Amino acid sequence: MAEDMTQGEGGRPEPRLRRRGQGELEAQVLAALHEARGPVGVAWVQERVGGDLAYTTVMTILTRLLAKDVVTRERAGRSFLWRPTTGEAGLAALRMRKVLDGESDREAVLASFVTTLSADDERLLRDLLGGAGGDGAEG
């Protein structure tokens, strides 16, 4: 996992661990929650995601996921137990929506996206839109 080196003690080179992006951490935390048989604590998630992450980092990721309505929490004594409300597909959809919401020309973004779809994906999207109350008309 080490891509480059950093100066260690005594000037010896030591591997520098690759820094994970926020989206990657969110996906890992969500995947860990899906492995659980019920609500779990932060320490449980931390153990599953990897011991190199600080407890506070895992707590921050869970809090961000809570703000996105991707997880819920319930009080258990002085702490919380966490559970997913959606799958990884739901998290990906939230990310896509966030990107779309950040663009001024939504029509251009959506049109550009649709033109990159495979024929099968385009057909699937049309079916989904038709089932969601869209008119399903060609256009």
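Per-structure values
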item: Shape category assigned to the range 66-113 from the gyration tensor of Cα positions, a/c cut at 1.5; result: prolate
item: Percent carbon-and-sulfur accessible area, the range 80-124, ignoring ligands, DNA and RNA, probe 1.4 Å; result: 58
item: Residue among L100, A76, W44 farthest towards the positive dipole end of the range 26-139, charges placed on Cβ; result: A76
item: Mean shadow area of the range 32-86, taken as a quarter of the surface of its Cα convex hull (nm²); result: 3.5
item: Stokes-Einstein D for the range 55-139, Kirkwood Rh over Cα pairs, 4 °C, 1.567 mPa s (µm²/s); result: 82
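The values are calculated or read from the model by the stated rules, or taken from the named source; none is laboratory data. Everything quoted here is computed from the prediction, not taken from an experiment. FYI the Cβ positions are ideal-geometry reconstructions off the backbone, even for glycines, and counts take in every protein chain you see. Accessible surface is based on the protein model in full, side chains and every heavy atom, while ligands, DNA and RNA are left aside. Shrake-Rupley method; radii C 1.70, N 1.55, O 1.52, S 1.80 Å.
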